[in-house]
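**Q** For reference, the structure I am asking about is given below.
The values are calculated or read from the model by the stated rules, or taken from the named source; none is laboratory data. Just so it is clear, the structure is predicted and the values come from calculations on it, not from any experiment. Note that each Cβ is placed from the backbone with ideal geometry, even for glycine, and that neighbours are counted across all protein chains shown.
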Amino acid sequence: MNGDTEPKGTPTNPYLQRYVPPKIEGNFTGKHIITVDQFERKDLQILFDAAISIRKRIHHADRGLTELCAGKIMASLFFEASTRTDMSFQASMRRLGGEVIAASNGVQFSSVYKGENLADTVRAAGCYADVIVLRHPQLGSSYEAAYYLDKLNKRIKNPSVIISGGDGIGEHPTQALLDMFTIYDLKNRSLDNLTITLVGDLRNGRTVHSLAKLLAHYGPQNVSLSFVSPSTLQMPRAIIQMLNDKGMTIYETADLNEVLPHSDVIYWTRVQEERFEDAAAYEAIKDDFIMTPPVLARTKSDAILMHPLPRKNEMGTRDDHDILDEDPRAVYFEQMENGMFIRMALLAKVLRGVYV
Ligand code: ASP
């Protein structure tokens, strides 16, 4: 058992206390989306229904979709690498009829290059856009951005909201929403009686932090959780505590064999190399869990294998990219596509509050 409560090298950001994100309570309009703590089960259902409706409408080439965010502008502020979150948000906004702006040569060549602080960069975006998608390496950065944006919104004519696209090693709320939607969609539109196993870097992986918290909404009678990781990469104790307080059944182990054959959902993750201060520590555990066809063969025939992506060695696909992908249990491409439906639903709700 790892005695540490939080990952090393993470200075506590005062804005985590100073800014309290609003609860959704059935109404998304004009609310910053910072943490999954804002959502209740009924809010997830609203989003899932909207995502299903949007998916159908895209399928039928429904032109009305482009009216949902017509005239709205999204600013893309990515201080960290991104493929899916960035592109799916941009695609979502465009499919809804909105426009996207970003610093021409990336945020590193905005005034950030001259030493501008996050609060000022975010407020600049807030003067021009209706919604800002922010990804930043520092834990609590989205709380800080929301705090200063609220102050700005009192002074300007056109208020804006922030949506977190990944908050250091903290949370990745929209990834968890799309992950929950994927489970719901592929498991008969229900999250009942599922054993869900999260594997890999549970300490530094922000997607699993958000996902574990959302799964707690479905209660111990419906969902049981297994966490598989090397002992140095266990789920932060604060999240374990929160899950325990909700009475969730949690099983922590470093032995995949104990849980793999009983799991309905297997959520594989990348060891987050960029969060390690010590290269030797990363090298020592980076290959502890590798998903290969023989490992996948030990799972239930109707299990699903998820991954937030990007994947590296942990998927055992270095020499042959199709080796796992062709198995019907591998659903990470569906997951990736669902990211756009969920983000479209979220943008439409936050910007217009519309029924879709
Ligand atoms: N894309 C996800 C994230 O930004 C997962 C990962 O990077 O491993 O957190």
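**Q** Find the residue count for segment 304-332, including only residues that are assigned to a helix (DSSP H, G or I) and either within 16 Å of the ligand (Cβ to nearest atom) or touching a helix residue (DSSP H, G or I) at 6+ places or on another chain (Cβ under 9 Å) (or both).
**A** Qualifying residue count for the region: 7.
**Q** Quick check on segment 135-179: of everything there that is polar (S, T, N, Q) and assigned to a helix (DSSP H, G or I), which residue is farthest from the ligand (Cβ to nearest atom)?
**A** Asn153
**Q** May I pose another question? Would you be able to say whether some residue in segment 75-89 is at pLDDT 95 or above and over 20 Å from Pro137 (Cα atoms)?
**A** No, the conditions are met nowhere in segment 75-89.
**Q** Related question: Please go through segment 193-242 and pick out each residue that is more than 16 Å from the ligand (Cβ to nearest atom) and among the charged types (D, E, K, R).
**A** Matches in segment 193-242: Arg237 only.
**Q** For segment 297-333, enumerate the residues that are aliphatic (A, V, I, L, M), in contact with a strand residue (DSSP E or B) (Cβ under 9 Å, 6 or more places away or on another chain) and modelled with pLDDT of 95 or more.
**A** Correct list: Ala303, Ile304, Leu305, Met306, Ala330, Val331.
**Q** Also, quick follow-up: What number of residues within segment 275-303 are surrounded by 11 or more Cβ atoms within 10 Å (Cβ to Cβ), part of a helix (DSSP H, G or I) and of a type outside the set (Gly, Ala, Ser)?
**A** Number of matching residues: 7.
**Q** Quick one: which of Gly165, Gly200, Gly205, Gly219 is farther than 25 Å from Asp287 by Cα, of a type outside the set (Phe, Trp, Tyr) and in contact (Cβ under 8 Å) with a residue 60 or more places away in the chain?
**A** Answer to the selection: Gly165.
**Q** Further, regarding this structure: For segment 18-134, give me every one of the helices (runs of 4 or more DSSP H) that falls completely inside it and has 2 or more residues that are away from the ligand (no atom under 16 Å from the Cβ), touching a residue at least 60 places away in the same chain (Cβ under 8 Å) and surrounded by 14 or more Cβ atoms within 10 Å (Cβ to Cβ).
**A** 41-59, 84-95
**Q** So which of Tyr147, Tyr143 ends up being more than 13 Å from the chain's Cα centre (by Cα), buried (at least 24 other Cβ atoms within 10 Å of the Cβ) and not β-branched (Val, Ile, Thr)?
**A** Answer to the selection: Tyr143.
**Q** Would you say Met291 is within 16 Å of the ligand (Cβ to nearest atom), aliphatic (A, V, I, L, M), in contact with an Asp or Glu (Cβ under 9 Å, 6 or more places away or on another chain) and modelled with pLDDT of 95 or more?
**A** Here the answer is yes, as Met291 does meet what is asked.
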